[in-house]
Amino acid sequence: MAALKILGPAPAPAEAEVADPNAPPPQPAAIYYPLKPAIMVNFTVRGRQRFLQAELTLMLRDGAVVSAIELHQPMIRNALIMLIGGQSFEELQTAEGKELLRQNCLQEIQRLLQQEIGKPGIEQVLFTDFVMQ
């Protein structure tokens, strides 16, 4: 016959961790807003026509900014077309050139939103498609 083992009282469940009052509040979930249709720009390179087509998605965390982006989309698209069209086609063929363009697009959109709604509104510009020919 097996001996019964008597256990003591169950240990108390671990107390829930107390949140650090100095810790920053958790960020809201990311919202991804694709700018449609794709941005298309043409270049003249050594007498030949070249094209760039880029699909951009904006990352933000405030749903209220989406309506501002929709309202001001013509101005945003114009600024992006002018910015991208002013780049060197050869530089955009490098990873560094694409990254610099991505950062410049972010700064330009943040500048426009700051001017229109009083805050930068977006955290990132992501290239979801980038075709050059």
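The values are calculated or read from the model by the stated rules, or taken from the named source; none is laboratory data. Source: prediction; values computed, not measured. Positions of Cβ are backbone-derived with ideal geometry, glycine not excepted, and every protein chain shown enters the neighbour counts.
Before moving on, here are some points about what is shown:
- Residue satisfying condition, being of a type in the set (A, V, I, L, M, F, W, C), in contact with a strand residue (DSSP E or B) (Cβ under 6 Å, 6 or more places away or on another chain) and buried (at least 16 other Cβ atoms within 10 Å of the Cβ), within set Ile109, Ile117, Ile76, Ile39: Ile39
- Filter result for Pro24 (modelled with pLDDT under 95, exposed (fewer than 15 other Cβ atoms within 10 Å of the Cβ) and more than 18 Å from the chain's Cα centre (by Cα)): yes
- Among the residues of the range 64-92, those identified as in a helix (DSSP H, G or I) and of a type in the set (S, T, N, Q) are Ser67, Gln73, Asn78.
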